[in-house]
Each structure stands twice: as structure tokens, then as C-alpha cells.
Amino acid sequence: MNTITIQAPAVATKRTTKEWQQADAAHFMHPFTDFGALAKKGSRIITRAEGIYLWDSDGHKILDAMSGLWCVNVGYGQQALVDAATRQMKELPFYNAFFQTATPPAIELAELLAQVSPPQFKHVFFAGSGSEGNDTVVRMVRRYWDILGQPERQIIIGRKNGYHGSTMAGASLGGMSYMHAQGGLPIPNIVHIDQPYAFENGKGMDTAEFGKLAASWLEAKILELGADKVAAFIGEPVQGAGGVIVPPSTYWPEIQRICDKYGILLVSDEVICGFGRTGNWFGCETMGFKPDLMTFAKGVTSGYIPLGGVMVGDRMAKVLIEQGGDFNHGYTYSGHPVACAVALANIKLIQQLKLVEHVRDDVGPYLAEHFAGLREHPLVGSTETCGLMGAILLVKDKAKGLPFASDLEVGMLCRSHCFANGLIMRAVGDRMIIAPPLVMTRSQIDEMMALIRRCLDLTLADVRAKGWF
Ligand code: PXG
């Protein structure tokens, strides 16, 4: 075979932190970043990982309580995934699925996804990421209504502070106003209702009542727009990037009832909640609803390689397959064989290690108990968990439920203590959030809780010293 052996490793590993930072600042434009500010400050360079830990280029060990970016469900260093990628790269590194062709890993993955998904899902459309998956959602939902002779059903309803990605369609479906402010978004025929966040929208209300009230905003919006104009509703079972906002248990069943009443398609964005995160295979199972479409990405490969897609429920699949004709949409990497091979190995590993049950019966309840214990801390206004994701709300006055002024950026203050103490926890405003790898053990949760408590204490000392508390 006519191949060239490359002697040197592809990545120079001998640079110092300063050298990495200089090259980074000179050439690499990071996502969601103030390029100029980061260039001055210098990036943190992560060089390796094992289990639930990362190491940076200065040799610091860090407990990764965010699973990379909500994705490394099986933890780092799983050889089965490395072997699957290596084998597939040797056998067939790429072939497309466009011109009436398919590859074995894509077919087997489609089959396995149908097995682990709720029963209404037997079909999948592959994409390269969660954002691409949600672009597919917009195209497929509108195509469905076209086929059925109702092309005026164009509008998709999302939620303020929802996150569905960063492409034109993803960012439009999402309700992040600071994203809409750049690039002329949202695209036409996408509207938003308020989120089911009791701290902001349902103060003092009974939780169950608030859940029903928040769902009623969907019905009000449908009636305002005209039901015959509304194509679909999309939401994350638990809002992730918005700050791990766990809706009341009454919310999703009521959303389902309203969608059914008006014949509107229901889309569950499972990019974060899928593949065991909430203690079931998918978040819609935990929250008790039956969507027509499910977007997935992240946990499908535990982030080892990019892959996303959309599970297509029977209601839509029947129309698209039996009446649809050509669907003029797809990506070069729809069903990429290496990505699919890694996803197969990942899902089989989740099954072998019984990670869904581990979250549901063991570490999920254990985390819930420990997060509830944090409520005694003077800074903590409330805590919430769902499976292996959690949020801690930092407040100025817990008795009165008073938040800190947002320009004080108390969450960012806490986050810098986390970084300095070897813990990755994200700040969404003053909500400190975690979504650690699902392989985490009880003793690793103990270790994480000790770090969280230390960082909360350091933050409390800071806000007291600054006279903000
Ligand atoms: N849907 C949901 C629910 C997501 O959380 C996407 C879609 C988009 O996926 P891709 O693969 O295109 O990024 C996401 C992604 C954060 C953060 O700061 C969250 C995401 C991405 C980047 C940052 O919490 N979620």
C-alpha cells in the first residue's frame, strides 16, 4: 500500500503554557468568547484526562464536574471507544449516506438507538452536532406539515432562556436574548414563551400550580397566533445551559396535553438530558411526556467524537416515508461511520456498566441528598438536582429570597474559586451548575462536595469583605 509513515507526533507536546497561550491568542478564535480579552489573559490549556479528572499544562489536577461540556457521560479514558474508532478508521474511515448507500456502523447505530429510545421512535436522521440536529428539526417539522397540505403551519414555539445551539436555526429556537442580538435572529416564524423558572416567574406560588401556569403560557401563545399556524413546540426536558432549571412535575404532562389538543408536534431537545443524564435513557421519560422528535448529540458518543441527530417518532416517520418523496436535506457527515462506531461502543458501555440505573438508583439520589444539605449554607438560596445534574442558587438574602445585583457577578467570583481549587463548575448568572460524568462514584461525589463547600465558603468570605452581603 502506498502510504507515508509520519515519524513525528502530529501535536508538539513539549511547549510551555506560555508558548501554548501565545500561539492560541495569535490564531484560535474560541466559541462564545471576547477574543481580545482572552488574548490578553491567556487560555487555560487542558492536556489530558482520566476518569472524572483533567490535567492542565501546568500539571494541575481538576475534578471535571461538567463532563467536558455536558457530554463525557462514560468518563475519560474508556479504551472501548478508542478501539472502536481505531478499528473503524482502518476498515472504512468515511463513506457518505447520500446516494442510496449506507455503512454498517450507521445502520447498527440506528437499530440500537431505536432500542434504547421510547417505543414511538424507530427511525433516526443523523447530523454532526446538536445545532445541526435542531436545523434538521426545523426542516423536518415544516416539511411534515407541507406534505399534509398545511404549509401555513410554520411557527415553532420555543422558550426564553432555552438553548438549542448556535447555528441560525439553533440560536433562533433558543431563547438567549444576547444571542438574538447578534446576526439578525431569530429567523422568521420562531417565537418564545417564558420558561418554567419559579424563582423568576412564580415567586411564592405552589410548585404544582406554577407548573400548570407556566404550561398555560403555551396555550395562550397558540391561541394568540392561531393554532392552524403553529407547527411545533420545542423544549429541553430540564434546561441545561439556561442554568439547570428543573420544571415542576406538572409542567411537561400539561405541555403534552396542550400540544395534543391542538395537534401540534412536540420536540424534546435531549442534547444534554439524553443518554442517562436524568436517570433514564432520555429526559422525556423522567419528565413524563411523549415527544414526536428528539434531538440528541453530546452523550451519544460521550463527546469522544462529534455526532448528533434526531429521533423521528412514528407519527412523523409514517408521513415522511409513505407520502413524503425526496427530503432535500442532509450533511456530509450524516451517519459518519467512525462517529457511529464510537457511539455504538459508547451506548454498549452505558448498558454494560448499567450507568442509567447507577444514576437513577444510586448516585442521583445521593447527589440530591448532598445538594439539599447545601441549603444550610448562608449563600445558598436553593438547590435542585435531576439525575446527575444540579444547580446551586447564590443569593444575597435567603430569608427574603433576594438575588445579588447581576453586575456584581457573584457567580463568576465563585467560579474563579472553583478553578483555583481544582474544580470545574459552571456559573450561569448566580446559578452554579454541575453535570459530572455518570461513572462517578459516591466517594467521588463526597470529594466534589468538599470542594464545592470550600468554594462557597471562599465566595462568602469575599462577598462579606466587599460589603455585598
Ligand atoms: N441543544 C441543547 C439542549 C444543548 O445544550 C445544543 C442543542 C447544541 O449542540 P452543539 O453540539 O451544536 O453545541 C446544546 C449545546 C453551556 C453550553 O455553556 C451548552 C451547550 C453548548 C455550549 C455551551 O452550557 N449545549
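Taking every alpha-carbon pair under 8 Å whose residues sit at least 6 apart, the chain reaches a relative contact order of 19 percent. Using Cα-only point scatterers and the Debye equation, what is log10 of I(q)/I(0) for the chain at each q in 0.08, 0.09 Å⁻¹, rounded to two decimals? Rounded to two decimals, the profile gives -0.49, -0.63.
Straight-line reach from Lys466: taking Cα to Cα under 25 Å and skipping same-chain neighbours fewer than 8 places apart, the lysines in range are Lys41, Lys396, Lys398, Lys400.
Put a plus charge on the Cβ of each Lys and Arg, a minus charge on the Cβ of each Asp and Glu, and nothing anywhere else: the dipole of the chain about its Cα centre is then about 680 debye.
Dipole check for segment 80-353: with +1 at the C-beta of Lys and Arg, -1 at the C-beta of Asp and Glu, and the Cα centre as origin, the magnitude is about 140 Debye. Only lysines eight or more places from Lys122 in sequence, or on another chain, were considered; those with a Cα closer than 24 Å are Lys290, Lys298, Lys318, Lys348, Lys354.
Once you reduce segment 220-241 and segment 391-469 to the center of their Cα atoms, the two points are 33 Å from each other. Among rounded, prolate and oblate, which fits segment 80-353 when a ≥ b ≥ c are the square roots of the eigenvalues of its C-alpha gyration tensor, a/c under 1.5 means rounded, and a/b larger than b/c means prolate? Because a/c hits 1.5 or more and a/b exceeds b/c, segment 80-353 counts as prolate. Only lysines eight or more places from Lys14 in sequence, or on another chain, were considered; those with a Cα closer than 20 Å are Lys61. Helix content alone sets the calculated 222 nm mean residue ellipticity of the chain: runs of n ≥ 4 DSSP H residues at -39500 (n - 2.57) each, divided across all residues, give -12000 deg cm²/dmol.
For segment 86-104 versus segment 242-257, the inter-centroid distance based on Cα atoms is 39 Å.
Read the figures in this text as sums done on the coordinates, not as results from a lab. The structure presented is a predicted model; accordingly, all values stated were derived computationally and were not measured. Every residue, glycine as well, gets a Cβ built from its backbone with ideal geometry; the counts of neighbours run over all protein chains shown.
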